[in-house]
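The values are calculated or read from the model by the stated rules, or taken from the named source; none is laboratory data. Predicted model, so just to flag it, every value in this text is computed and none were measured. Cβ sites come from the backbone with ideal geometry, for glycine too, and all protein chains shown count toward neighbours. Areas reflect the complete protein model, heavy atoms only, side chains present, ligands, DNA and RNA absent. Shrake-Rupley method; radii C 1.70, N 1.55, O 1.52, S 1.80 Å.
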Amino acid sequence: MKALAFSAILTLTASASFACETVTLGDLTIQNAWSRATIGAGRPGVLYLEITNNGGTDDALVGIATPAAGMPMLHETVVSDGVASMPHAMAVPVPAGQTVALAPGGYHGMLMDLTAALKEGETFPVTLMFQAAGEVTVTVDVLSMRAEGPDCADAGQ
Amino acid sequence: MRGRRTVILGLGGVAGATAYMLGLGWWQSRSREGAGPALLPLPVAEMAFSLTDHRGNRVTPADWVGQPTLAFFGFTWCPDVCPTTLSDISLWLDELGADADRLNVVFITVDPERDTGPVLSDYLASFDPRITGIAGPVAEVERAVAGFRARFEKVPRDGGDYTMNHTAGVFLFDADGRFASIIDYHEDRRFALPKIRRVLG
Ligand SMILES: [Cu+2]
């Protein structure tokens, strides 16, 4: 009985990737929330996810909060004249009827002052603040440093 | 891989604007590259620097002549561009298999104050073992960057912290050390493997 319960938990752990869950807030759906493992807590972490606006009104992601970092903020990687920089983004537009991604090489959550190293296989919560829709908390999967994204079978495309 | 090309999914003004922006970055760096021979990276043999790899070996340009080179500038405190590019490079090396053993693959830090040999060693353990980390005194890194006609800049942040802006393209040189091409950061990744195969000969 005990063994059976244990194996059930294992199965659950193996198949339940939080990143692949869809979280709904009004007309918005959020999915594929992931981050990369860090070496120690001194380096900044990163946050990637996808937001779909199924409604008829534009919205915008205006802030993020997480117990995983003392100073989380929105950034946008910009390559200008071949040189990459990461200016602070006041807001990430989420236009009506579109899907916007915080993704490698573009908008991302920059998690500065990590409270602890992000370890592969762990998860942490991030609260997303939208201009119109309000707030919602999603669970972020920490993938390997080499990861290029979560492996969701039906990656919401 | 998927994420890079889907910064904004769907159709409409924002997607168009983003595509334009990304395209512009690509175009600017290409036009700069093509603006005159003076702006092309020097042949490796004409470069001058003395750096140290993450295994503790001294590295000079002469060490690179005789094998094709793939080089990328970055720093280990970089959460977005650098792990993404090193992950891409690792995937390319996977796909090239044993052919890539002939390639000199180097990750040159533009933040040698924090990225010492042991730090690079720790960091690169997450990526393909054929990637060699390169560090050294700031002045020598500057000489290397100058030879590549690349750029970097230290950007202070609140609280005494800082980040680095840096050339994000991946440089390719043939076995004779002649500059062959750049894989631009926002370029379609499908063009990368053919470019690398060309310098492998
Ligand atoms: Cu950033």
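Being at positive phi and either facing chain B (nearest Cβ under 7 Å) or small (G, A, S) (or both) is a property that holds for A:G134. Being over 20 Å from A:L25 (Cβ atoms), outside any strand (DSSP E or B) and open to solvent by 10 Å² or more (accessible area, probe 1.4 Å) is a condition met by at least one residue of region A:121-134.
The number of residues in region B:79-129 that are touching a Pro at 6+ places or on another chain (Cβ under 7 Å) and within 14 Å of chain A (Cβ to nearest Cβ) comes to 3. Summed over region B:59-87, residues that are of a type in the set (D, E, K, R) and either modelled with pLDDT under 95 or crowded, with 23+ Cβ neighbours inside 10 Å (or both) total 1.
When A:A101 is tested against (1) in a strand (DSSP E or B); (2) closer than 16 Å to A:P44 by Cβ; (3) small (G, A, S), only condition (2) is not met. Does region A:61-77 contain any residue that is within 24 Å of A:D151 (Cβ to Cβ) and of a type in the set (D, E)? No, region A:61-77 has no match at all.
Scanning region B:159-180 for residues that are within 13 Å of the ligand (Cβ to nearest atom) and of a type in the set (D, E, K, R) turns up just one, B:D161. Per the listing B:A144, B:A139, the residue uniquely free of Cβ contacts under 8 Å to residues at least 40 places away in the same chain and within 20 Å of B:A62 (Cα to Cα) is B:A139. Within region A:52-69, the set of residues being facing another protein chain (nearest Cβ under 10 Å) and assigned to a strand (DSSP E or B) comprises A:T52, A:N53.
For region A:99-120, the candidate set comprises residues that are buried (at least 19 other Cβ atoms within 10 Å of the Cβ) and not aliphatic (A, V, I, L, M); within that set, the residue that is farthest from the ligand (Cβ to nearest atom) is A:T99.
Of the residues in region B:180-191, at least one is surrounded by 21 or more Cβ atoms within 10 Å (Cβ to Cβ), closer than 22 Å to B:P41 by Cα and in contact with an Asp or Glu (Cβ under 8 Å, 6 or more places away or on another chain).
Scanning region A:52-92 for residues being away from the ligand (no atom under 14 Å from the Cβ), free of Cβ contacts under 8 Å to residues at least 60 places away in the same chain, surrounded by 20 or more Cβ atoms within 10 Å (Cβ to Cβ) and over 30 Å from B:A125 (Cα atoms) gives a total of 1.
What residue, among those in region A:29-51 that are part of a loop (DSSP other than H, G, I, E, B) and more than 16 Å from the ligand (Cβ to nearest atom), is farthest from the other protein chains (Cβ to nearest Cβ)? It comes out as A:A41. Of the residues making up region B:130-175, those that are away from chain A (no Cβ under 12 Å), part of a loop (DSSP other than H, G, I, E, B) and open to solvent by 30 Å² or more (accessible area, probe 1.4 Å) number 4.
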